[in-house]
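For reference, the structure is listed below as structure tokens.
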Amino acid sequence: MCYERIRLKEESSRCLLCLEGPCSKNCSKGMDTAAILRSIRFDNLHGAVSRVEASCVDCDGDCMKACRRSQIDGAVNIPGVLKDLKAVCKPDQKVIDMPDLHITSMGVEFENPFLLSSSIVGSNYEMVARAFDQGWAGVAFKTIGMFTPQEASPRFSALGKESNPMIGFKNIEQISDHTLEENLGYIKKLKEDYPSKVIIASIMGRDAQEWRHLAELMEEAGADIIECNFSCPQMVGEGLGSDVGTNPDLVREYTAAVRRGTSLPILAKMTPNITDMTVPAKAAMEAGADGIAAINTIKSVMNIDLESFASAPSVSGKSSVGGYSGKAVKPIALRFIQDMKKDPNLADLTISGMGGIETWKDAAEFLTCGCQTIQITTAVMQYGYRIIDDLIDGLRRYMSRNGFTHVQEVVGLALRNIVPCENLDRKTIEYPRIRHENCVKCGRCFVSCEDGGHQAIVMHPKTGYPTLDPRKCVGCQLCRVVCPTGAITQGTRVVPKFHVG
């Protein structure tokens, strides 16, 4: 089972996630193999196996003949993927009674928790309408101001690692490049055509008067919620962007101005470019906000060209500090969110969470840390609106398997298990367990423990297998983290017999 999981993950990750995947069109069994591969990529294994036709006992491989990956380094081994998929995951029969994903936040009804966050992915009528048609519950429309910026070109760059071309993403894009009148028209028409969808109008003013006026205009246009963008790292200047979010006095002043301009619920969007997010969050709530959106992107400099010494994205050889997002920022986002939820004065805070969400599992983590809705941009930019299929299906299947009937039941469940460092159990040790049946004797655990741990692993001179020395092991489990085959697992927690030190 161990090797099947590894092969499944590695081989499915080779799929290019083509538009209208040719593998599906060429499948002799009539299966949507492209959708199966996509579900695997987005951690929805139960959803993937449910798409496998019962008649597909032995795949003939016709789908591989059309695979565009073959033009690079060989077609994706789809028969092998299907075989491994069926070995590691059985069809989920419990999803007949689908759990309810509707959620009410700040008095507004959402058909599911998934929203497009304020960015290029929700910046005109046509784009948002397509997203709504595919199942997204709402949009935080790209930030609207009283002015129209002139954008730089190019304005995107990605950080890769090994075979993953984008674990992090940088942008130097600013607020909406459409006029105020165009944006008001988009919002009005979207609300007319999609009355059950939630329209969050993200706004940014340059002074209190502009903040108030923008709020008035958004309510008149039909928005359901106002989101105050106090956090864009690319918008610089007095009273703009993340410089507002780090100044509690400005947060308070501008939130109060927006409250004077609207009766709609207000979300204050926080910047992570700060040590303690609870301070501006409290200022926003005291001034009339109904909830917090977090986190926006992280200030970053990335990808220095060591020949030209230009940073990316390079605009005529120059770049600037920009916003970092993508999967790599998820732990940082969750940390800020739990900080706010653990503060006694913010325990009942409504949070719309974002930051590194790609899969239903990522979304579920944000829900369990106290978020009621989920906002996504970078994953949409990379994979398209179609990820909503696996976000919804994967979350529902998870809830069904675990006995949840309504998504609200999941909200906040992880918070009780995140405690101050001094409250952790330090009297016992959980030694790692090495399973030789899954070990390929690569020695990665030995290398990491020897050079980055406590020299507690020995490679047996005859068998070649790693062996644990409990007299030196402190239970840090670095070996388990680096093991490429899953041969090292968590063991039993015990009171140590040996003095470690």
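Taken together, the values in this text are just the output of simple stated rules run on the coordinates, not laboratory data. Keep in mind the model is a prediction, meaning the values are calculated, not measured. Backbone-built Cβ (ideal geometry, glycine too); neighbour counts: all protein chains shown.
A few comments on the model shown:
- Dipole moment magnitude, nearest 20 debye, segment 359-477 about Cα centre, only Lys, Arg, Asp, Glu C-beta charged: 420
- log₁₀ of I(q)/I(0) at q = 0.30 Å⁻¹ - segment 453-501, Debye sum with one point per alpha carbon: -1.31
- The alpha-carbon atoms of the chain define a convex hull whose volume equals 185 cubic angstrom per residue.
- Applying both filters, DSSP loop and at most 10 other Cβ atoms within 10 Å, to the chymotrypsin sites (Phe, Trp or Tyr not before Pro) of segment 226-322 gives Phe309.
- The charge dipole of the chain, taken about its Cα centre with unit charges on the Cβ of Lys, Arg, Asp and Glu (plus for the first two, minus for the last two), comes to roughly 2180 debye.
- Value of relative contact order over segment 80-227, rounded to a whole percent, pairs C-alpha under 8 Å and six or more apart: 21
- Of His213, Ser311, Val88, farthest towards positive along the dipole that unit charges on Lys, Arg, Asp, Glu beta carbons give the chain: Val88
- Filtered GluC sites (Glu not before Pro), segment 254-363: DSSP coil and at most 10 other beta carbons within 10 Å: Glu307
- Listed pairs Lys142/Lys191; Lys197/Lys342; Lys9/Lys327 exceeding 24 Å between Cα atoms: Lys197/Lys342
- Ascending count of other beta-carbon atoms within 10 Å, so fewest first, for Asp84, Asp60, Asp425, Asp207: Asp425, Asp60, Asp207, Asp84
- Taking the convex hull of Cα positions in segment 425-494, its mean projected area over all directions (nm²): 4.6
- Ellipsoid equivalent to segment 119-260 - semi-axes via the Cα gyration tensor, in Å: 24, 22, 13
- Neighbour-count order for Thr104, Thr373, Thr143, Thr485, fewest beta carbons within 10 angstrom listed first: Thr104, Thr485, Thr143, Thr373
- About the Cα centre, charge dipole magnitude for segment 242-364 (Lys/Arg +1, Asp/Glu -1 at Cβ), debye: 160
- Only helices enter this figure: runs of n ≥ 4 DSSP H residues, each worth -39500 (n - 2.57), summed and divided by the residues of the chain, yield -9500 deg cm²/dmol at 222 nm to the nearest 500.
- Using alpha carbons only, the radius of gyration of segment 273-333 set against its Kirkwood radius gives Rg/Rh = 1.16.
- Cross-linked pairs Lys441/Lys472; Lys29/Lys83; Lys25/Lys83; Lys170/Lys330; Lys299/Lys361: Cα-Cα separations exceed 18 Å for Lys441/Lys472; Lys25/Lys83; Lys299/Lys361.
- For Pro280, the shell of other residues with beta-carbons less than 11 Å away shows a net charge of 0, using +1 for Lys and Arg and -1 for Asp and Glu.
- Percentage relative contact order, the chain, counting C-alpha pairs under 8 Å, at least six apart: 13
- Share antiparallel - DSSP beta bridges, the chain, percent rounded to 5: 45
- Counting Lys and Arg as +1 and Asp and Glu as -1 over every other residue whose Cβ lies under 12 Å from the Cβ of Val495, the net charge comes to +2.
- Listed from fewest to most Cβ neighbours within 10 Å, the set Asp276, Asp348, Asp224 follows the order Asp348, Asp276, Asp224.
- Segment Glu10-Glu430, extension gain: residue separation times 0.36 nm, minus the distance between their alpha carbons: 148.3 nm
- Once both labels are positioned 7 Å from their Cα atoms along Cα-to-Cβ, the gap between Arg416 and Leu19 label points is 4.9 nm.
- Loop sites in segment 441-501: trypsin sites (Lys or Arg not before Pro), DSSP, at most 16 other Cβ within 10 Å: Lys441, Lys462, Arg471, Lys472, Lys497
- Computed from the Kirkwood radius of its Cα pairs, the Stokes-Einstein diffusion coefficient for segment 217-270 at 4 °C and 1.567 mPa s stands at 113 µm²/s.
- Inter-part distance, segment 88-159 to segment 393-463, computed on C-alpha centroids, equals 32 Å.
- Potential extension, Phe147-Asp305 segment - 0.36 nm per residue separation minus Cα distance: 53.5 nm
- Whether segment 357-501 is rounded, prolate or oblate, judged on the alpha carbon gyration tensor where a/c under 1.5 counts as rounded: prolate
- Shape analysis of segment 15-83 places it in the oblate category; the axes a ≥ b ≥ c from the Cα gyration tensor give an a/c of at least 1.5, with a/b not above b/c.
- Backbone N atoms of segment 267-309 closer than 14 Å to the 7 Å Cα→Cβ label point of Arg335 belong to residues 272-278, 295, 298-299.
- Ranked packing of 159-172, 240-253, most packed first, by mean Cβ within 10 Å: 240-253, 159-172
- Within-10-Å neighbourhood charge of Ser12 [Cβ basis; K, R +1; D, E -1]: +2
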